[in-house]
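Asks: Here you go, one structure.
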Amino acid sequence: MEYFLNDHKLHLNPISPLTDSQSMPKAELRKAPKEGFCSHCLLALGSHPTRRTVNGEDHGFCCYGCCLAFQVKHGSREEPEAAWLLIRLGTGGFLAMNIMLFSLLLYSGTFNYADAELIPLIHWILGIFATPVMLILGWPFFHETWDGLLQGRLTSSTLISLGAGAAYAYSVLMLFTGGSHIYFDTATMVLVLFTVGRYLEAAGRAKAVRNIAPMLEAEEQWASVVENGKETPLSVRQVQAGMSVRVRPGERIPVDGTIIEGCSSADERILTGESRPVTKNVDDYVLAGCINLEGSLLIKCNAAGSDTRWGNLCRIVRDTLSQPNSTQRIVDKAAGRFVPAVLGITALTIIYWQTEVALNQALLHGLAVLVVACPCALGLAAPLATALGLGQFLQRGCLVRGAEVQEKLARIQGIAFDKTGTLTEGYTNLVHIECEEDYHEVVLRRTAALEHHSEHPLAHGIISAAKTRKLQLPEAQKVQAVPGSGLLGYIEDDLVIAGRADWLRKLDYEISGYMSERLEQQENSGHTAVCVGWNKKVKGLLFLDDQLLNDAPVMVRELKNLGLKTLLLTGDISSVGQRIAETAGIDEWEATLAPEDKCAVLSTWGKKNGPAAMVGDGLNDGPVLASAGIGIAVGGATDLARETADLVLPQGGIILLPWVIQLSRAVRKTILTNIMWAFGYNAVAITLAVSGFLLPILAAVLMAGSSLLVVLNSLRLEKLSSEV
Amino acid sequence: MSYYLLIFLAGIAGSFHCIGMCGGFACVLGRNPKGYISTLLRHLLYNSGRIVSYAFMGGLAGMAGHKLFSSVQAGNELMSAGHNQMGFTHLAPLLPASLSTGQRILAVFAGLLMLIMAFQLFGYFNRLHRFTTGFGGITFVNSLTSLLNSPKRAAPLAFGVFNGFLPCPLVYAFVAQAAASSNSFSGIMTMIAFGLGTFPAMLLIGGVSQLVQPHWRKLGVRVAGSFILLFGLITLIRGLVPTLGHGIFS
């Protein structure tokens with residue numbers, strides 16, 4: 001799994017579209033790392049070098065510092081906004097650190113003796129340094145506060161603005177009145193530390209959505225359209241069906257289409273969860289969003305660039321991300337009430353302390369309360385973990401639809417399964433042919449010829465059995481399907497009919513006592529029978545076995561280990577249901593259910609056992625999936641993007657179910673611990689601040705620390721999911 | 001003052017290490033097409049940012065040392081009184097005549113830390129170095145990349161400030177030294193002296209980095225390591241055998 005993730009990261013890096021050495025910049029060639037030497041400082045590596053992959057190349061470094069320095073020079077660039085934030089932070093930090101240096105000297109009494117007359121001058125210098133910091137770093141907070149006030153809201157920025165602004169204003173007042181208590185260091189350091197907190201938040205968010213990023217950029221893609229031998233870059237939104245598009249190695253394929261020139265392999269993980277590259281040749285179908293790995297391809301678009309499957313998936317993911325889930329809504333509401341409460345506590349603190357100590361000291365205590373109470377970490381608690389979870393699901397080809405899905409998945413107590421095509425392979429296995437005379441081959445040939453015209457799951461098993469026995473299939477004519485009953489058609493001048501036993505009986509087909517007996521016997525043992533007859537007589541019985549998926553028993557056992565109840569719902573006869581349930585290890589089963597019965601059974605079961613999820617193939621069990629608390633469809637996100645399931649697992653992905661539940665539970669746990677941390681941190685810190693044990697600067701350090709804690713706690717999810 | 005001179009010299013020797021690691025940044029900052037004055041201004045801004053970060057760490061370390069020192073010897077009133085009289089004129093002597101228990105513990109700790117850093121410069125203990133992994137490293141690095149390439153005028157200053165906080169055994173060693181001085185002022189002075197020592201090489205580097213061959217730089221790093229080893233040993237001895245060093249360096 002580790003390999004899988006690393007590999008994925010690698011592909012997400014911008015990959016140079018040019019691979020031949022001629023097109024490689026000369027500087028890059030010159031800097032090619034030498035084995036045994038640090039890629040950055042070119043000194044010998046030593047016994048324990050640090051190794052990193054930067055832009056897809058392996059590098060060794062003599063120390064971690066060199067590793068960082070190298071990545072700074074050669075790594076990918078972030079948005080200019082991030083740079084601007086850092087410039088402000090750096091410049092503000094420079095001034096604030098200077099203020100802090102002088103303040104440290106003032107506090108340590110360096111100027112107390114011979115140089116005491118310098119102190120007022122130093123105060124002025126501090127004031128001059130502090131003013132630009134208030135503008136550079138304080139502006140965004142003041143701006144947010146003002147915007148909030150205009151809308152009648154108090155936000156966390158209000159607390160920061162009020163805290164830093166009050167400390168600054170008080171100090172300026174003291175400067176002019178010649179007072180000795182100035183707090184420029186507090187005002188500026190609070191702003192620096194909260195800006196650091198903001199940066200941490202931004203970085204955490206950026207990291208959290210990294211796995212989702214390819215799912216959000218479908219519409220921002222460019223395609224190089226080839227027309228009359230000339231390539232023109234066009235936004236995918238302008239690409240029309242029928243246009244030819246050139247895709248170079250390493251590029252993401254921007255459109256759905258058919259290859260008309262070139263061969264390559266494609267990384268389709270983003271759409272199918274398949275980690276192995278898929279070979280692509282001329283006339284093969286390629287999907288937008290996949291990465292073209294080796295060769296240059298010319299693709300003819302099958303649909304407009306804005307109507308790709310990838311584009312539809314992107315819309316679903318974006319919708320899911322943009323809705324806050326219920327936990328987040330509660331937290332937001334709480335945070336909204338929190339701010340006015342903090343303002344009240346601050347006022348009380350100042351009033352109380354003012355009777356005990358000097359006013360400046362009391363104000364400082366009040367300031368500490370304001371600063372330490374800022375509920376920044378709360379705002380981060382849920383979205384970060386949710387986005388990380390979503391990214392993990394997408395990486396394995398699972399599509400989550402709706403913000404509540406992860407939360408609901410974490411809370412389910414039971415899982416109900418549809419049988420055919422979900423837990424079983426469908427009727428792929430012909431186990432026995434029963435005939436009165438030696439008609440075996442004829443019966444199979446004729447039935448297979450009829451079933452050739454059918455899409456029914458049974459047909460597949462019968463045809464493949466005929467193929468295995470290398471039978472020549474006769475031509476069937478005027479074939480008709482009677483839904484729910486069977487097929488009829490003319491083969492070699494006979495009217496052949498294949499289907500359910502009761503249908504043939506209804507049509508007055510004669511069935512011998514022996515055959516009836518066999519029919520009953522086999523059905524009791526859990527097999528499905530197809531009756532075949534011609535000339536008004538049942539000639540043979542074909543028994544098909546609905547075989548359990550190999551992975552199913554392990555998967556069910558793991559689900560039970562997670563404390564989940566299991567239920568099998570099937571429209572099949574009881575004996576089949578029982579056999580499959582017992583082999584898979586499922587607790588309960590209900591058979592001979594019509595689709596609407598399934599809904600009713602599921603709802604009763606849910607009432608008894610707590611919230612339940614329903615797993616189906618998403619094709620013919622739509623109603624029951626929609627009625628379940630959580631509908632899980634198995635079968636590949638590409639085909640099912642338009643279906644109604646809440647969670648779509650990739651083809652053959654039913655084995656992922658225990659992981660899905662574990663990940664959802666981990667996400668929920670992370671959100672809850674985050675909230676507990678953030679609230680607990682605030683509660684303890686406010687108590688300390690109210691009792692006067694906390695200096696405002698220390699309070700700001702604590703707050704930045706709590707943001708960091710929430711970010712780091714959330715990022716643990718990434719590690720966790722690679723272990724599961 | 002001889003103490004700060006020594007640290008300044010250690011800074012100069014250490015700048016061979018800086019050329020390898022941070023020199024690349026200075027190269028990227030490069031020349032300003034508007035002329036020499038603008039180029040000089042860019043590099044001065046970058047280096048001032050760096051030195052202020054060092055001084056800040058030194059000040060904090062000195063204060064932390066002081067807190068630790070005064071908490072350990074809270075009972076010793078005589079010492080406290082003596083310490084409170086250390087004013088502006090007190091510039092920590094290398095081996096002060098008398099040391100409290102707190103200062104000695106601090107000196108042993110700082111001395112050991114410096115020895116580890118020195119060995120790291122010689123190529124040992126590299127694993128200790130990877131304390132910032134994953135999140136901190138990569139994200140911070142990506143942001144710095146954008147900063148380094150930003151055309152804004154204040155960018156070199158901001159970059160210098162952050163550069164000052166990048167993990168570096170030299171800086172840690174001298175921060176430990178600053179903490180051992182157990183006084184904000186001498187902590188700040190220690191780091192400024194070290195920072196000024198690295199100043200000339202870093203300022204010139206835009207033009208001369210190609211001239212300094214890896215061989216010479218390796219030698220320089222060894223010299224820097226030896227300096228730190230020496231400092232570490234002296235600090236350690238100061239903590240372990242307070243009377244031994246009396247009179248030698250003061």
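Asks: Could you list, in sequence order, the residues of the range B:186-197 that are open to solvent by less than 40 Å² (accessible area, probe 1.4 Å) and within 14 Å of chain A (Cβ to nearest Cβ)? Please lay out each step first, then the result.
Replies: Step one: list which residues in the range B:186-197 are open to solvent by less than 40 Å² (accessible area, probe 1.4 Å), which gives B:186-188, B:190-191, B:193-195, B:197.
Selection gives B:S186, B:G187, B:I188, B:T190, B:M191, B:G195.
For (1) at pLDDT below 85; (2) among the polar types (S, T, N, Q); (3) more than 17 Å from the chain's Cα centre (by Cα); (4) open to solvent by less than 10 Å² (accessible area, probe 1.4 Å), each residue gets a yes or a no:
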position: A:R642; (1), (2), (3), (4): yes, no, yes, no
position: A:W659; (1), (2), (3), (4): no, no, no, no
position: A:V690; (1), (2), (3), (4): no, no, yes, no
position: A:E723; (1), (2), (3), (4): yes, no, no, no
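Asks: Now a separate question. Being among the hydrophobic types (A, V, I, L, M, F, W, C), within 9 Å of chain B (Cβ to nearest Cβ), in contact with a Ser or Thr (Cβ under 7 Å, 6 or more places away or on another chain) and within 29 Å of B:G62 (Cα to Cα) narrows it down to one of A:L137, A:L101, A:L89, so name that one. Walk me through how you get there before you give the answer.
Replies: Working: A:L137 fails: within 9 Å of chain B (Cβ to nearest Cβ); A:L101 fails: in contact with a Ser or Thr (Cβ under 7 Å, 6 or more places away or on another chain).
That would be A:L89, the only listed residue that is among the hydrophobic types (A, V, I, L, M, F, W, C), within 9 Å of chain B (Cβ to nearest Cβ), in contact with a Ser or Thr (Cβ under 7 Å, 6 or more places away or on another chain) and within 29 Å of B:G62 (Cα to Cα).
Asks: Right, next: Which residues, counting only those in the range B:165-185, are at the interface with chain A (Cβ under 9 Å from one of its Cβ atoms) and either open to solvent by 10 Å² or more (accessible area, probe 1.4 Å) or assigned to a loop (DSSP other than H, G, I, E, B) (or both)?
Replies: Step one: filter the range B:165-185 for residues at the interface with chain A (Cβ under 9 Å from one of its Cβ atoms), giving B:166-169, B:183-185.
Those that are at the interface with chain A (Cβ under 9 Å from one of its Cβ atoms) and either open to solvent by 10 Å² or more (accessible area, probe 1.4 Å) or assigned to a loop (DSSP other than H, G, I, E, B) (or both): B:L166, B:P167, B:C168, B:N183, B:F185.
Asks: Given the range A:408-494, what strands (runs of 3 or more DSSP E) lie entirely inside it while holding 1 or more residues that are in contact (Cβ under 8 Å) with a residue 40 or more places away in the chain?
Replies: A:414-418, A:429-435, A:486-491
Asks: From the set of residues in the range B:7-39 that are out of contact with any helix residue (DSSP H, G or I) (no Cβ under 8 Å at 6 or more places or on another chain) and at pLDDT 70 or above, which is farthest from the other protein chains (Cβ to nearest Cβ)? I'd like the intermediate steps shown before the answer.
Replies: Taking the range B:7-39 first, the residues out of contact with any helix residue (DSSP H, G or I) (no Cβ under 8 Å at 6 or more places or on another chain) are B:33-38.
If we keep only those that are at pLDDT 70 or above too, we end up with B:36-38.
Details: B:Y36: 24, B:I37: 21, B:S38: 18 Å.
Across the range B:7-39, the extreme among qualifying residues is B:Y36.
Asks: Turning to a different aspect of this structure: Can we say A:I686 is among the β-branched types (V, I, T) and away from chain B (no Cβ under 14 Å)?
Replies: Values: among the β-branched types (V, I, T): yes; away from chain B (no Cβ under 14 Å): yes.
Criteria met by A:I686.
Asks: Turning to a different aspect of this structure: State whether the residues of the range A:111-121 include one that is surrounded by fewer than 20 Cβ atoms within 10 Å (Cβ to Cβ), out of contact with any Phe, Trp or Tyr (no Cβ under 9 Å at 6 or more places or on another chain), over 21 Å from A:T177 (Cα atoms) and away from every other protein chain (no Cβ under 14 Å).
Replies: No: the range A:111-121 contains no residue that is surrounded by fewer than 20 Cβ atoms within 10 Å (Cβ to Cβ), out of contact with any Phe, Trp or Tyr (no Cβ under 9 Å at 6 or more places or on another chain), over 21 Å from A:T177 (Cα atoms) and away from every other protein chain (no Cβ under 14 Å).
Asks: Scan the strands (runs of 3 or more DSSP E) fully inside the range A:502-589 and keep the ones with 1 or more residues being modelled with pLDDT of 90 or more and more than 22 Å from A:N429 (Cα to Cα). Break it down into steps so the answer makes sense when it comes.
Replies: On the way: elements: A:528-534, A:537-545, A:565-569.
Ranges flagged: A:565-569.
Asks: From (1) farther than 30 Å from A:E227 by Cα; (2) open to solvent by 50 Å² or more (accessible area, probe 1.4 Å), pick out the condition that doesn't hold for A:C376.
Replies: Answer for A:C376: the failing condition is (2).
Asks: So which helices (runs of 4 or more DSSP H) stay within the range A:155-240 end to end and still have 1 or more residues that are surrounded by fewer than 19 Cβ atoms within 10 Å (Cβ to Cβ) and at pLDDT below 85? Can you show your working first?
Replies: Working: elements: A:156-177, A:184-208, A:213-216.
So the answer is A:184-208, A:213-216.
Asks: Are any of the residues in the range A:525-536 open to solvent by 20 Å² or more (accessible area, probe 1.4 Å) and over 23 Å from A:A449 (Cβ atoms)? Break it down stepwise before answering.
Replies: At the first step, the residues of the range A:525-536 found to be open to solvent by 20 Å² or more (accessible area, probe 1.4 Å) are A:525, A:527-528, A:535-536.
Still in the running and over 23 Å from A:A449 (Cβ atoms): A:525.
So far as the range A:525-536 goes, yes, one or more of its residues are open to solvent by 20 Å² or more (accessible area, probe 1.4 Å) and over 23 Å from A:A449 (Cβ atoms).
Asks: Within the range A:363-372, does at least one residue satisfy the condition of being modelled with pLDDT under 85 and in a loop (DSSP other than H, G, I, E, B)?
Replies: No, the range A:363-372 contains no residue that is modelled with pLDDT under 85 and in a loop (DSSP other than H, G, I, E, B).
Asks: Given (1) within 24 Å of A:V190 (Cβ to Cβ); (2) under 36 Å from the mean Cα position of the chain (by Cα); (3) open to solvent by less than 10 Å² (accessible area, probe 1.4 Å), where does A:F338 come up short, assuming only one miss?
Replies: Here A:F338 clears every test but (3).
The values are calculated or read from the model by the stated rules, or taken from the named source; none is laboratory data. Computed from a predicted structure; not experimentally measured. Methodologically, a virtual Cβ is constructed for each residue, glycine included, from the backbone with ideal geometry; neighbour enumeration extends over all protein chains shown. All accessible areas refer to the heavy atoms of the entire protein, side chains included, with ligands and DNA or RNA removed. Shrake-Rupley method; radii C 1.70, N 1.55, O 1.52, S 1.80 Å.
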